[in-house]
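One structure is given here, and the rest of the page talks about it.
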Amino acid sequence: MSGSWPLARRSQALAQRGAIFTRIRMFFQEKGYLEVETPFRIPAPAPETQIDAIPSDGWFMQTSPELCMKRLLAAGYPRIFQICRCWRDGERGSRHLSEFTMLEWYRAQADYRVLMDETEELVRAAAGGSGITYRGVQIDLSPPWERITVRDAFLRYAGTIAESALSGGTFDELMVEKVEPMLGMGRPTFIYDYPASCSALARLKSEDPSVAERFELYMGGLEIANAFSELIDPVEQRARFEAEAAERLRQGKPAYPMPEKFLDALSGMPEAAGIALGLDRLVMVLLDAESIDDVVAFTTEEL
């Protein structure tokens, strides 16, 4: 029985998790989204510097269903969502799992601001109420949520500008140590308009091409989602992928094949916005769990 105790003690959390997933599916069905499934094992992930894929017999376990879902957008599916398993190498901690559950949705003829509004609606529907408590902090889910640019957040919480942090190589450090802990306290926060160099698949802002139309959602200091207006120029996307691939090699990381079928389809993709939301993390916040381990049936170490 001792080996089964960790599984048994999660029964209430798993029941609540199932109810949250049901509410999420109902939300998208009512909005006319089609639920899709795409393969877990793919020939080429997006070559992003900060994300490492897990090899699988010459291919890779998906780090995100993003590339396949965008091909569906290009094929004429205007509103799609997916709840699926994803894998990222080297990610483990109280807030991280190397195998985790992702919610992604994509909407044609929309931009990142439209998705901010829709994300507010989705999280409130998933929560089943207007307020939660996470790690002793009351979080009001009533709209409107806080919206702050990356530039303003760095000035307010890190005492510097994002451009200086980037040029000095301290952007990620300051984001984690100074900015993130202040976001989503009291109410959820959308931090938006990331530097262009931090947004490999996002469209640049027409009035300020130094930033991309990208946002992240934070609740209680924890990142929950990452979204952007999609880049649909195949030439620019290839150039960005090549730059990311070169940076991976510079850092001593393995190179990935170029996702040619995705790049071929990109010219037929409509203007759109997409978002990836970590469901294990969302459940963790909604249930006020101490660790991400408390809201999944099995951790890797228990297999």
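None of the figures in this text is laboratory data; all of them are computed from the coordinates on show. Everything quoted here is computed from the prediction, not taken from an experiment. Cβ placement follows ideal geometry from the backbone for every residue including glycine, while neighbour counts extend to all protein chains displayed.
Among the helices of the chain (complete DSSP H runs), which have Cα atoms covering no less than 27 Å along the helix axis and a Kyte-Doolittle mean of at least -1.0?
Numbers: long enough: 11-30 (29 Å, -0.05).
Result, helices passing both filters: 11-30.
Just how many pairs of Lys in region 2-302 have C-alpha atoms closer than 30 Å, counting pairs that are eight or more places apart or on different chains?
Count of close lysine pairs: 10.
In what order do 277, 201 fall by count of nearby beta-carbon atoms within 10 Å, going from fewest to most?
On the way: 277 23, 201 20.
If I rank by nearby Cβ atoms, fewest first, I get 201, 277.
Grab the DSSP H runs of the chain that are 4 residues or longer, score each as -39,500 (n - 2.57), total them, divide by all residues and round the 222 nm result to the nearest 500 deg cm²/dmol.
Working: 10 runs with 95 residues, N = 303.
Rounded to the nearest 500, the figure is -9000 deg cm²/dmol.
At q = 0.16, 0.19 Å⁻¹, work out log10 I(q)/I(0) for region 177-303 with the Debye formula, treating every Cα as an identical point scatterer and leaving solvent out; two decimals please.
-0.99, -1.13
Using the Cα centre of the chain as origin and beta-carbon charges of +1 (Lys, Arg) and -1 (Asp, Glu), tell me which of 6, 171, 196 is placed farthest towards the positive end of the dipole.
6
What list do you get for 191, 83 if you sort them by fewest beta carbons within 10 Å? The partial results should precede the final answer.
On the way: 191 24, 83 18.
In increasing order of surrounding Cβ atoms, one gets 83, 191.
Just for the chain, what percent of DSSP beta bridges are antiparallel, to the closest 5?
Numbers: 46 of 52 bridges.
Here the share of antiparallel DSSP bridges comes out near 90 percent.
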